[in-house]
Amino acid sequence: MRLVVIGPWKNPRSKVYWFRRRVPAKYRKFGMPAEIKFSLGTTDLEEAKILCQEENLKRERQWRALAGVEPTQLTHLQITALAGEFYKETVAARRDEPGPPAAIERSLREHAKRRRPPIGPLDPHLYVMFGSEARAFLQRKGIHLVGDRLHSFIRSFVEAKELAAQELLQNAKKDYTPNDKVAARFPEYKPPNPAKKFDVLWAEFAEAKELAAATRKKWEPYFRQLIKRIGTDDMSSVTEQHLLDWRDALLASKASRRNVKFGYIAAARAFFRWAKNEKKLATNPAAEVVVAISDKKNKKNKKVGFDHREAHIILAAALGPQNERMTEENKAARKWVPWLCAYTGARVNEITQLRACDVVEKDGIPCIHIRPEAGTVKTAERTVPLHPHLLKMEFVEWARRKKGDTPLFYAIERQRKKDRKNPTYTSVGNKLADWVRNGLEIRNPRVAPNHGWRHRFKTEGRRAKMLWQVLDAIQGHAPRTDGEDYGEVPPDVMLAEIMKYPWYKVEAPTERRDRRRRRQRRADEAAAP
């Protein structure tokens, strides 16, 4: 934006120089007149030039600041009440020491000279004479008025200033009789509720709660859908009925009750509860919005871990021959990720995001360090010792062939989209799930193809009499009480419990156990001459 430099203007009716400048059209919507002019109070040209430059800079800063501020919408009653606030504050500030009567009378005469009858609804004279003073008061109140609303307030402001001076003059003359008639003319002022924009609150919420990237990506579209439905992004306008109607519409669609309860409504409850607690919003409209789910159905659909047969099928296939067309990283993921999940009970993405530098040695114990620098960690970072079977399989030696922050199970340079929303390690986990479901035909609906290892590790850990507190620490489960959160579970304590976990006795198959690959091979053989 180019700064317009205006030189001093010599008013033919005066000996002093004046500041005179046309207001750019794009700023007139904020209530400014087409032209601003006033005396600089000097007959010295050089001084007038300096004063003009200062005024130019001041005006430019004010106008540019105005352009980025959302205007406050006030009614005529609110504007009158706001002027009453100025009247009350002015009188209260000087009531004890109003000053000499002569000085107040002089200021009233000067005020009368500056205040002349308004010319139309947007009076440029009042704006020039009292605009800066009125805007300074509005700024202290956090209010930004534009257009006719600003000029309406300036007129009320000028009148309130005169009334305040008259009462202070009365006080200066030792008359403190309450002027109830003047005070009663102003209605009670109630500050307007500024719009609580979703984008602002969402950014603050995500930062305060340290939401994982995956959670942000999942939850934000829920709120975009709500905003589109109710027609506003002002979160202070959201009511309980809005959320109830939204919930009912979701339940009437193809969305499952569990998805509505633990997805949409859970996000809304977390967001609005935070906003209420942090005084960002006056109420929590989601506090009593619930979705009932049958206990019987929950028990029926409760997720379980892989059974003995399923676990052995996956681990055996992981050791078996892989498709020669797969990349080295994909082959490594298919081989090592199931085994690492089986012996740590970690979430699959906590394993697929591992880098070479995350395979560490702590107090002489080979470990994997699960930390947010590599990707996503749902609860807290942790250092988990490796099971002796993994050491015998030479996982550490394999991992140490790579250096630094090089990912173990994917190649960054082979990413097709550099700005992809889904992390590459998530795609690796999804491919493994697809392999388990469709390639190895493990399709029990109660077993998640990747999360099944997490359930199984807990079950087998209990069977092996592992200490439950250590078992939770190994898997990264959040403490249930403040007491459990005290202290640490160091690797040597974890290792003592991991040693209790039984070895998987699995033999590598001689050929791939992959139904899709067999089908393709049979089709190729049938097509051969």
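The values are calculated or read from the model by the stated rules, or taken from the named source; none is laboratory data. If you're wondering where the values come from, they're calculated on a predicted model, not measured in any experiment. Cβ placement follows ideal geometry from the backbone for every residue including glycine, while neighbour counts extend to all protein chains displayed. In case anyone asks, the SASA skips ligands and DNA or RNA and just uses the protein heavy atoms, side chains included. Shrake-Rupley method; radii C 1.70, N 1.55, O 1.52, S 1.80 Å.
Output the number of residues of the range 456-489 satisfying the condition of being surrounded by 13 or more Cβ atoms within 10 Å (Cβ to Cβ), assigned to a helix (DSSP H, G or I), of a type outside the set (A, V, I, L, M, F, W, C) and touching a Leu at 6+ places or on another chain (Cβ under 9 Å).
Residues meeting the conditions: 2.
Tell me whether the range 125-148 contains one or more residues that are at pLDDT below 90, polar (S, T, N, Q) and open to solvent by less than 50 Å² (accessible area, probe 1.4 Å).
Within the range 125-148 (the criterion being at pLDDT below 90, polar (S, T, N, Q) and open to solvent by less than 50 Å² (accessible area, probe 1.4 Å)), the answer is no, since none of the residues qualifies.
Within the range 278-294, is even one residue part of a helix (DSSP H, G or I) and either at pLDDT below 85 or out of contact with any Asp or Glu (no Cβ under 8 Å at 6 or more places or on another chain) (or both)?
No, because not a single residue in the range 278-294 is part of a helix (DSSP H, G or I) and either at pLDDT below 85 or out of contact with any Asp or Glu (no Cβ under 8 Å at 6 or more places or on another chain) (or both).
Which of the residues belonging to the range 474-529 are among the charged types (D, E, K, R), in contact with a helix residue (DSSP H, G or I) (Cβ under 9 Å, 6 or more places away or on another chain) and at pLDDT 75 or above?
The answer is ARG480, GLU484, GLU488, GLU497, LYS500, LYS505, GLU507.
Results for (1) at pLDDT below 95; (2) open to solvent by 30 Å² or more (accessible area, probe 1.4 Å), shown as yes or no for each residue.
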position	(1), (2)
TRP339	no, no
GLU350	yes, no
ARG355	yes, yes
ASP363	yes, yes
ALA374	yes, no
THR379	yes, yes
ARG382	yes, no
PRO385	no, no
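Quick one: would you say VAL493 is over 31 Å from the mean Cα position of the chain (by Cα), assigned to a loop (DSSP other than H, G, I, E, B) and among the hydrophobic types (A, V, I, L, M, F, W, C)?
no
Only one of PHE198, PHE205, PHE186 is surrounded by 13 or more Cβ atoms within 10 Å (Cβ to Cβ) and touching a Gly at 6+ places or on another chain (Cβ under 8 Å); which?
Of PHE198, PHE205, PHE186, the one residue that is surrounded by 13 or more Cβ atoms within 10 Å (Cβ to Cβ) and touching a Gly at 6+ places or on another chain (Cβ under 8 Å) is PHE186.
Restricting the range 238-256 to residues that are open to solvent by 50 Å² or more (accessible area, probe 1.4 Å) and either of a type in the set (Gly, Ala, Ser) or touching a strand residue (DSSP E or B) at 6+ places or on another chain (Cβ under 8 Å) (or both), which is nearest to ARG269 (Cα to Cα)?
For the range 238-256, the residue satisfying everything is SER256.
Among what's in the range 257-274 and is under 17 Å from TRP246 (Cβ atoms) and touching a residue at least 60 places away in the same chain (Cβ under 8 Å), pick the residue that is nearest to the chain's Cα centre (by Cα).
Ranking the candidates gives PHE271 first.
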